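See structure below.
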Amino acid sequence: MTAAEFSARRQEQPAQPEHVRAVSWNLWSKYGDWRRRRESMIDTLAGLDADLVGLQEVWSDGDGNLAAYLADQLGMHWLWQPALAGEPGQTQSGNAILSRWPILDQAELRLPVPADRDEGRKVLHGLIGGPVGKIPFFTTHLNAPFAQSAIRTRQAVALINFVTAHSAGHSFPPIITGDFNAEPDSDEIRLLLGKTSCPDVAETCFFDAWAFLDAGVPGWTWDRANPLVGTRGQPNTRIDYIFVGTSPTDIHHTAPPSRGHVQSAFLAGNQASTTGTWASDHAAVVADFSVRDRAPAATFL
């Protein structure tokens with residue numbers, strides 16, 4: 001599907017969609033052949049027909065703003081936030097949100113970090129207004145070096161508190177996207193999943209959309225088969241995620257959400273697009289969430 005066809009289809013969407021499709025994707029800033037890569041991004045996103053897209057390493061400079069360009073080509077609403085402020089004319093990189101539906105409100109948070117390790121990491125929030133109700137949507141990018149798990153754990157605490165504060169009162173659970181630069185068994189990811197303790201964190205946890213697949217599917221988003229990864233030395237790993245909040249009516253924060261439960265998850269952008277170019281050094285994570293309430297599950301203790 002071309003970008004023009006994709007944009008036209010948005011005028012034909014049913015009043016009540018069957019699911020909400022979310023995407024998380026690190027776009028590798030403005031490296032390499034960025035013009036060809038940008039067209040591959042459009043090709044991939046148009047094919048996904050996503051409702052909500054959380055993006056990291058999204059550039060802006062004298063050549064334009066990548067988030068604005070993608071939104072214009074795909075007929076979507078958009079938000080963008082820079083990381084560290086740069087000099088006029090310099091390329092800045094940051095987080096972005098693309099949305100099929102209007103963005104009613106927005107907020108951002110600078111994530112905590114020691115001054116000598118500051119990479120300008122933030123979390124961006126967009127409150128999405130659509131036919132399924134208001135959706136609290138977030139995207140983030142945590143510190144990169146693998147040895148900085150302690151820093152990322154502090155950032156995860158701040159992220160959880162921020163998401164909780166901006167999700168209260170909405171019937172659709174929060175959806176969090178991002179490049180966490182952390183493997184699934186790391187402390188920072190386990191903290192989000194409610195599998196480890198940390199002081200001063202909101203009493204909530206999230207589900208990893210990838211965990212709803214059959215066991216044994218690695219879901220590598222950093223894969224040496226990607227020529228843009230090349231021979232940088234790191235092993236294949238999963239560091240990009242989509243999380244969804246637990247049910248807002250479950251006082252124990254253990255039940256999957258009635259609305260917003262995961263229907264499917266898969267990777268995209270993990271091969272060259274139809275343009276013949278790899279869009280990024282990261283694969284995208286895609287997840288579909290239900291918009292209808294499930295029948296109540298049996299009670300268990």
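The values are calculated or read from the model by the stated rules, or taken from the named source; none is laboratory data. Everything numeric here is computed off the predicted structure, so don't read it as measured data. Positions of Cβ are generated from backbone atoms using ideal geometry, with glycine treated the same way; all protein chains shown enter the neighbour counts. Accessible surface is based on the protein model in full, side chains and every heavy atom, while ligands, DNA and RNA are left aside. Shrake-Rupley method; radii C 1.70, N 1.55, O 1.52, S 1.80 Å.
Within the bounds of the stretch 82-104, is there any residue that is at pLDDT 95 or above, in a strand (DSSP E or B), surrounded by fewer than 21 Cβ atoms within 10 Å (Cβ to Cβ) and within 20 Å of the chain's Cα centre (by Cα)?
Yes, the conditions are met somewhere in the stretch 82-104.
Let me confirm something: among T204, T196, T164, which residue is over 21 Å from A50 (Cβ atoms), among the β-branched types (V, I, T) and not in a loop (DSSP other than H, G, I, E, B)? First the steps, then the outcome.
Values: T204 fails: not in a loop (DSSP other than H, G, I, E, B); T196 fails: not in a loop (DSSP other than H, G, I, E, B).
That would be T164, the only listed residue that is over 21 Å from A50 (Cβ atoms), among the β-branched types (V, I, T) and not in a loop (DSSP other than H, G, I, E, B).
Listed here are the residues, each with its yes/no results for (1) at pLDDT below 95; (2) buried (at least 19 other Cβ atoms within 10 Å of the Cβ); (3) under 16 Å from the mean Cα position of the chain (by Cα); (4) not in a loop (DSSP other than H, G, I, E, B).
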| site | (1), (2), (3), (4) |
| --- | --- |
| E108 | no, no, yes, yes |
| P112 | no, no, no, no |
| E119 | yes, no, no, no |
| L124 | no, yes, yes, yes |
| I128 | no, yes, yes, yes |
| F138 | no, yes, yes, yes |
| A150 | no, no, no, yes |
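Quick check: is even one residue across the stretch 248-267 open to solvent by less than 10 Å² (accessible area, probe 1.4 Å) and modelled with pLDDT of 90 or more? Steps first, please.
Initial filter on the stretch 248-267 (open to solvent by less than 10 Å² (accessible area, probe 1.4 Å)): 257, 260.
Imposing the further condition that a residue be modelled with pLDDT of 90 or more reduces the set to none.
Scanning the stretch 248-267, I find no residue that is open to solvent by less than 10 Å² (accessible area, probe 1.4 Å) and modelled with pLDDT of 90 or more, so the answer is no.
Could you check how many residues of the stretch 201-232 are at pLDDT below 90 and under 21 Å from H141 (Cα atoms)?
Final tally of qualifying residues: 5.
Condition first: touching a residue at least 60 places away in the same chain (Cβ under 8 Å) and either surrounded by 19 or more Cβ atoms within 10 Å (Cβ to Cβ) or closer than 25 Å to L142 by Cβ (or both). Now tell me which residues in the stretch 61-75 satisfy that.
Of everything in the stretch 61-75, those that are touching a residue at least 60 places away in the same chain (Cβ under 8 Å) and either surrounded by 19 or more Cβ atoms within 10 Å (Cβ to Cβ) or closer than 25 Å to L142 by Cβ (or both) turn out to be Q73, L74.
Here is a yes/no grid of residues against (1) β-branched (V, I, T); (2) out of contact with any helix residue (DSSP H, G or I) (no Cβ under 7 Å at 6 or more places or on another chain); (3) more than 28 Å from T153 (Cβ to Cβ):
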residue: L84; (1), (2), (3): no, yes, no
residue: P102; (1), (2), (3): no, yes, yes
residue: Q106; (1), (2), (3): no, yes, no
residue: A115; (1), (2), (3): no, yes, no
residue: G120; (1), (2), (3): no, yes, no
residue: L124; (1), (2), (3): no, yes, no
residue: I128; (1), (2), (3): yes, yes, yes
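Among (1) open to solvent by 30 Å² or more (accessible area, probe 1.4 Å); (2) touching a residue at least 24 places away in the same chain (Cβ under 8 Å); (3) under 16 Å from the mean Cα position of the chain (by Cα), there is one condition L213 misses while meeting the rest; what is its number?
Evaluating L213 over (1) open to solvent by 30 Å² or more (accessible area, probe 1.4 Å); (2) touching a residue at least 24 places away in the same chain (Cβ under 8 Å); (3) under 16 Å from the mean Cα position of the chain (by Cα) leaves (3) as the failure.
What's the number of the condition Q56 fails, among (1) open to solvent by 30 Å² or more (accessible area, probe 1.4 Å); (2) within 21 Å of P145 (Cβ to Cβ); (3) touching a strand residue (DSSP E or B) at 6+ places or on another chain (Cβ under 9 Å)?
The number of the failed condition is (1).
Return only the number of the condition from (1) under 30 Å from D293 (Cβ atoms); (2) at pLDDT below 90; (3) open to solvent by 40 Å² or more (accessible area, probe 1.4 Å) that R190 does not satisfy.
Single failed check for R190: (2).
Each row is one residue, and each column tells you yes or no for (1) farther than 26 Å from G129 by Cβ; (2) open to solvent by less than 10 Å² (accessible area, probe 1.4 Å).
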{"site": "I175", "(1), (2)": "no, yes"}
{"site": "K195", "(1), (2)": "yes, no"}
{"site": "F207", "(1), (2)": "no, no"}
{"site": "V217", "(1), (2)": "yes, no"}
{"site": "D223", "(1), (2)": "yes, no"}
{"site": "D240", "(1), (2)": "yes, yes"}
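I'm trying to understand the selection: among the residues of the stretch 19-53, which are in a helix (DSSP H, G or I), of a type in the set (S, T, Y) and open to solvent by 20 Å² or more (accessible area, probe 1.4 Å)?
T44
Among the residues of the stretch 193-208, write down those that are touching an Asp or Glu at 6+ places or on another chain (Cβ under 8 Å) and under 13 Å from S149 (Cβ atoms). Can you show your working first?
Initially, the stretch 193-208 is screened for residues touching an Asp or Glu at 6+ places or on another chain (Cβ under 8 Å), giving 193, 196.
T196 - this is the single residue of the stretch 193-208 that is touching an Asp or Glu at 6+ places or on another chain (Cβ under 8 Å) and under 13 Å from S149 (Cβ atoms).
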